[in-house]
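Written below as structure tokens is the structure these notes are about.
The values are calculated or read from the model by the stated rules, or taken from the named source; none is laboratory data. Since the structure is predicted, the reported quantities are computational estimates derived from the model, not experimental observations. Here Cβ is always computed from backbone atoms with ideal geometry, including for glycine, and neighbour counts include all displayed protein chains. SASA here: full protein model, heavy atoms, side chains in, ligands and nucleic acids out. Shrake-Rupley method; radii C 1.70, N 1.55, O 1.52, S 1.80 Å.
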Amino acid sequence: MSLNLEAHGGLYTLHSHLNHSCTPNVSVRHNDRRTALSRITLIAKRSIVAGEELFVTYVNPEMDVRRRRRELQAWGFGECNCVRCLQEAKHMKPEDEGIDDLAAELKASLGVM
């Protein structure tokens, strides 16, 4: 994996401790992009109570559950089972899941993933 895939680059201690959710309660902002010593700031997306875990999203939250899960799996995170994904997966048609599984198997056998 290349660190250059991150648009802003860098190793951030705080950011590295944040887990994923498809409904994150914070977003990350990169400040002062002009220098290599840029810093990040977390912005609350809603009210957060003391002691509540902070979550960011590792994928585009506007994608559907299948695409979000596929992207997370491609990065080695496994299948997302956050509250949102579990809720959306309940409403997926069984035949939709089979098509995605077949496509994933074909890509894996061809070394495309």
**Prompt:** So which residues in the range 52-81 are more than 21 Å from Leu14 (Cβ to Cβ) and assigned to a loop (DSSP other than H, G, I, E, B), if there are any at all?
**Reply:** Asn60, Glu62, Met63, Asp64, Gly76, Gly78, Glu79, Cys80, Asn81
**Message:** Pull out all pairs, ordered by first then second residue, where Cβ-Cβ is under 6 Å, the residues are six or more apart or on different chains, the first lies in the range 37-61 and is within 24 Å of Trp75 (Cα to Cα), and the second is open to solvent by 60 Å² or more (accessible area, probe 1.4 Å) and among the acidic types (Asp, Glu).
**Reply:** Val59/Glu71
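Residues are listed down the side, and each one gets a yes or a no for (1) at pLDDT below 90; (2) in a helix (DSSP H, G or I); (3) of a type in the set (A, V, I, L, M, F, W, C); (4) open to solvent by less than 50 Å² (accessible area, probe 1.4 Å):
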residue: Pro24; (1), (2), (3), (4): no, no, no, yes
residue: Ala50; (1), (2), (3), (4): no, no, yes, no
residue: Met92; (1), (2), (3), (4): yes, no, yes, yes
residue: Ala108; (1), (2), (3), (4): yes, yes, yes, no
**Prompt:** Looking at the range 27-46, is at least one residue modelled with pLDDT of 90 or more, surrounded by 13 or more Cβ atoms within 10 Å (Cβ to Cβ) and assigned to a loop (DSSP other than H, G, I, E, B)?
**Reply:** yes
